[in-house]
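Data first, discussion second: the structure below is written as structure tokens.
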Amino acid sequence: MKTGLVLEGGGMRGIYTAGVLDVFMERGVSFDGVIGVSAGAIHGCSYVSAQKGRSIRYYKKYCGDKRFMSLWSLIHTGDLVGKDFCYSELPEKLDPYDYEAFERSSAKFYVVCSNLETGKAEYFHLTDPRRQMDLLRASASMPYVSHIVEYEGKKLLDGGCCDSIPVRAAFQLGFGRSVVVLTRHDGYVKKAGHLHPEDIVYRQYPAFARALRNRYRMYNRTLQKIRALEQEGKIFVVRPHTPLSIGRMEHDPEKLQQVYDIGRQDAEKAMPALMGWMGNP
């Protein structure tokens, strides 16, 4: 039975996932495949290349840089997250990504993106991060504050818009069981929004606008499914033991470190049970 690793997104909350993944690397926990959404895809990519500590290192170093994530970037480039800085200068020069290690990994890596024209999630098999960097960028391109990313004729944005936690997709991709890393605490319920800017901003893409409007329903249904699968032993869940207190555009390295450390703590605490679960397919 193949074991997958499913990584939820969540913007800056994703640094929690980075903490969990660093513990996995330290403990030698490996998977047959990884499927990441948005920030989960970003941090999952460093997990596949076995670059322990890379995420927290460059997040803390550059979180205050206006080119990383800022209103300045949104105003001057149209993207809240700086395209050239985050997807070119950072991985190529400032904190080099190990493309060769990624290629050597035996784990298949999937990135979730939302297709604006269909209003459905798409699951791309990423085999060459350098050539397919636009898929990583699309998966993490939040609606309203990002340009639409075009890839092979498809118009894409943040995968979390259409499938925030791709547990079902992991089964469909051939993973008989999965470890799921969430960035919301147990008992969290997503609430409906009071405003509906999607009807205006994405009026050219009505299917995608509907997906955004109904996202809270789909998210809550997915959480219910996750609880059932967890009770059945088909998935193993690592989730924050406390609500994560972190800003959408967090610029405080200490707060980033705190959330990262919570991820490490939760992973360490879960390790005995996780090892038992993984040893009994």
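The values are calculated or read from the model by the stated rules, or taken from the named source; none is laboratory data. Owing to the predicted nature of the structure, the values given are computational and were not obtained by experimental measurement. Cβ placement follows ideal geometry from the backbone for every residue including glycine, while neighbour counts extend to all protein chains displayed. Note: accessible area is taken over every heavy atom of the protein model, side chains too, but ligands, DNA and RNA are not part of it. Shrake-Rupley method; radii C 1.70, N 1.55, O 1.52, S 1.80 Å.
Give the accessible area for residue 185 in Å² (nearest 10); use a 1.4 Å probe, count only protein heavy atoms, and leave out ligands, DNA and RNA.
Residue 185 exposes around 50 Å² with every protein chain in place.
Give me the percent relative contact order of the chain, please, defined on Cα pairs under 8 angstrom at least 6 residues apart. Let's see the in-between values first.
Working: 538 pairs, mean separation 75.5, N = 281.
That works out to 27 percent.
How large is the charge dipole for region 171-281, taken about the Cα centre, if only the Cβ atoms of Lys, Arg (+1) and Asp, Glu (-1) carry charge, to the nearest 20 debye?
620
Which stretch or stretches of region 155-198 have amide N atoms under 11 Å from the point lying 7 Å from residue 2's Cα along the Cα→Cβ direction?
Answer for region 155-198: 170-177.
Output ³J(HN,Hα) for region 58-66: one whole-Hz value per residue in order, computed from phi by the Karplus curve 6.51 cos²θ - 1.76 cosθ + 1.60 with θ = phi - 60°, and x for Gly and Pro.
For region 58-66, the Karplus curve yields 7, 5, 5, 6, 10, 4, x, 7, 4 Hz.
For residue 234 and residue 251 in the same chain, what is the full-extension length gain: residue separation times 0.36 nm, less their Cα-Cα distance, in nm?
On the way: separation 17, 0.36 × 17 = 6.12 nm, distance 3.78 nm.
Contour length minus the Cα-Cα distance gives 2.3 nm.
Report, by chain and number, residues whose modeled amide H sits under 5 Å from the one on residue 155, excluding near sequence neighbours (fewer than 5 apart, same chain).
116, 117
Using only the heavy atoms of the protein chains and a 1.4 Å probe, how would 117, 8 rank by accessible area, largest first? Walk me through the numbers on the way to the answer.
Details: 117 110, 8 5 Å².
I get 117, 8, largest accessible area first.
Based on the alpha-carbon gyration tensor of region 170-281 and its eigenvalue square roots a ≥ b ≥ c, which shape applies: rounded if a/c is under 1.5, prolate if not and a/b is larger than b/c, or oblate?
Numbers: a/c = 2.55, a/b = 1.35, b/c = 1.89.
Oblate is the answer for region 170-281, as a/c is 1.5 or above yet b/c matches or exceeds a/b.
Give me the aspartates and glutamates in straight-line cross-link reach of residue 120: C-alpha distance below 15 Å, same-chain residues under 8 apart excluded.
158, 163
Using only the Cα atoms, what convex hull volume per residue in Å³ does region 79-183 have?
Working: hull volume 12.8 nm³, N = 105.
Residue-normalised Cα hull volume stands at 122 Å³.
Given the C-alpha centroids of region 231-272 and region 134-148, what is the distance between them in whole angstrom?
So the two Cα centres are separated by 24 Å.
So what J values fall out for region 240-245 if you push phi through Karplus, 6.51 cos²θ - 1.76 cosθ + 1.60 with θ = phi - 60°, rounded to Hz, Gly and Pro as x?
So the Karplus estimates, Gly and Pro as x, are x, 7, 8, x, 7, 9 Hz.
Taking 28 Å as the cut-off for C-alpha to C-alpha distance, list the pairs among 191/225; 60/93; 66/225; 108/154; 60/191 that go past it.
In this structure, 66/225; 60/191 lie more than 28 Å apart at Cα.
With every protein chain in place, what's the accessible area of residue 94 (1.4 Å probe, Å², nearest 10)?
Probe radius 1.4 Å; accessible area of residue 94 about 70 Å².
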